[in-house]
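**Q** Mind looking over this structure? Questions follow.
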Amino acid sequence: MIACLSKNLSPLSDGDLQQINQFTRRPLSKEEVYSFSLVLCDNEVDRQWERFSIPALKTLQSLFLGKTGIFDHLHVAQNQAARIFATSLESDPARVTEQGEPYTRLVAKAYLPRSQKLEDLILEIDSGIKKEVSVGCAVSHRVCSICGKDRMHESCEHQKGSYYPVKGVESLCYDLLDSPTDAYEWSFVAVPAQRNAGVIKSFSQNHSPLDIRTSLKDLCESLSPDEQASLSRDALFQLLDYISGLDRLAELGRCYRQDLVEQSMKFSAVAHPGLPGDVLRRTLDSMPMEDLIDFCNAFQAKAASVLPIHSQFSQSPHAADQKGLSPFQI
Ligand SMILES: [Zn+2]
């Protein structure tokens, strides 16, 4: 979601300074801070064929308060340049959107400390070079404007940006973004038109592996063919944990499979001594797991009928008696 820096660069009021100082470690003076206004988002359909509902903008108004601005969505502390200290909703009843709503936008005031390091940035804002920002947030609902299905949870046949007849009128298909759950950041973007500088599609923060798979599947299905998605840092770490867990399980699976092959080879040597070992190993290695288990059991039964097998862990009652131990004692 791309928005613009507002040209409303009015001098800092006492009220503004009071609000800014709620976010600072020590009270700053007017000379120490630079402030500017920006439009974070509105209820118009954007370049990615998405738009916020007015209630969603109201929720974002509180979610964006105190959030820091960064450069090009790089999540490192030194990139945090400015912080939002006030937000408001501005409505223009004289301007009606294509969807018939009064044009409404979320406006923020941000500040940054005046320092040598940030002088270039201040100059770029003042001169209009840094004039576009994008916002990243998560929403709970993405409703298809044509059929009303929530594309966070189910797919539909409509493509964003295409037109479909609705009650005899050709209507634009877009996603109505509703019920924001988190506002991650706002960012100065070097290439405003970049496809991924938009609303970060929600990847729900669940913790069971099944939920992660469901979230990923929902996310994939909600995207149109040329659309990109971004994941938050938390979501990426959650995915990394999930993959590491799968790696551990896969390793256990490999060990179990290898053990079944070795046991099958051993039992086969007794049950079918004529079978060439290398041929048998190749066959066992290429077998599906279920067949391998069946083969191992069958070879074991056959080997037991040829030659009674004792597990290396079993202990004869005679040996236990010799040591004065009961076979059931642990
Ligand atoms: Zn639809």
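Computed from the coordinates by the stated procedures, all read-outs in this text should not be read as laboratory data. Being a predicted model, the structure only gives us computed values, none of them experimental. Don't worry about glycine lacking a Cβ; one is built from the backbone with ideal geometry, like all the others, and counts go over all protein chains shown.
**Q** Could you order the peptides 108-118, 212-222 from most to least packed, using the average number of other C-beta atoms within 10 Å per residue?
**A** Result, highest mean Cβ count within 10 Å first: 108-118, 212-222.
**Q** So, one more: Would you mind putting 32-44, 84-96, 167-179 in packing order, based on average other-beta-carbon counts within 10 Å, highest first?
**A** Working: 32-44: 20.8, 84-96: 14.0, 167-179: 16.5.
Per-residue mean Cβ counts within 10 Å order the peptides as 32-44, 167-179, 84-96.
**Q** Excluding residue 159 itself, what net charge comes from residues whose Cβ is under 15 Å from its Cβ, given Lys and Arg +1 and Asp and Glu -1?
**A** Overall, the nearby charge balance is -3.
**Q** Mind giving me the nanometre distance, one decimal, between the label points for residue 101 and residue 32, set 7 Å out from Cα along Cα→Cβ?
**A** Placing both labels 7 Å beyond Cα along the Cβ direction yields 4.0 nm.
**Q** Place the peptides 134-142, 12-20 in order of packing, highest mean first, counting for every residue the other Cβ atoms within 10 Å and averaging per peptide. Working shown, then result.
**A** Details: 134-142: 21.9, 12-20: 14.7.
The densest-packed peptide leads the list: 134-142, 12-20.
**Q** From the residues 253, 289, 275, which one has its Cα farthest along the dipole of segment 250-309 in the positive direction, the dipole being from +1 and -1 charges on Cβ of Lys/Arg and Asp/Glu about the Cα centre?
**A** Going by the charge dipole, the pick is 275.
**Q** Residue 224 to residue 307: extension gain in nm, 0.36 nm per residue of separation minus the Cα-Cα distance? Numbers along the way, then the final one.
**A** Numbers: separation 83, 0.36 × 83 = 29.88 nm, distance 6.38 nm.
So the extension gain works out to 23.5 nm.
**Q** Within the set 67/160; 30/117; 109/160; 58/217; 167/217; 160/217, which residue pairs have Cα atoms separated by over 23 Å?
**A** Details: 67/160 30 Å; 30/117 18 Å; 109/160 32 Å; 58/217 29 Å; 167/217 32 Å; 160/217 19 Å.
Flagged as over cut-off: 67/160; 109/160; 58/217; 167/217.
**Q** Subtracting the Cα-Cα distance from 0.36 nm times the residue separation, let me have the gained length for residue 163 to residue 298 in nm, one decimal.
**A** Additional length available on full extension: 42.3 nm.
**Q** Can you compute log10 of I(q)/I(0) for segment 250-309 with the Debye formula, treating each Cα as one identical point scatterer, at q = 0.13 Å⁻¹?
**A** -0.31
**Q** What does the charge dipole of segment 250-309 about its Cα centre add up to, to the nearest 20 debye, if the Cβ of each Lys and Arg holds +1 and the Cβ of each Asp and Glu holds -1? Kindly include the intermediate steps, with their values, before the conclusion.
**A** Values: 6 positive and 8 negative charges, 37 e Å.
With only Lys, Arg, Asp and Glu charged at Cβ, the dipole is about 180 debye.
**Q** Fully extended, how many nm does the chain gain between residue 291 and residue 120 (0.36 nm per residue separation, minus their Cα-Cα distance)?
**A** Working: separation 171, 0.36 × 171 = 61.56 nm, distance 6.83 nm.
The residue 291-residue 120 span can extend by a further 54.7 nm.
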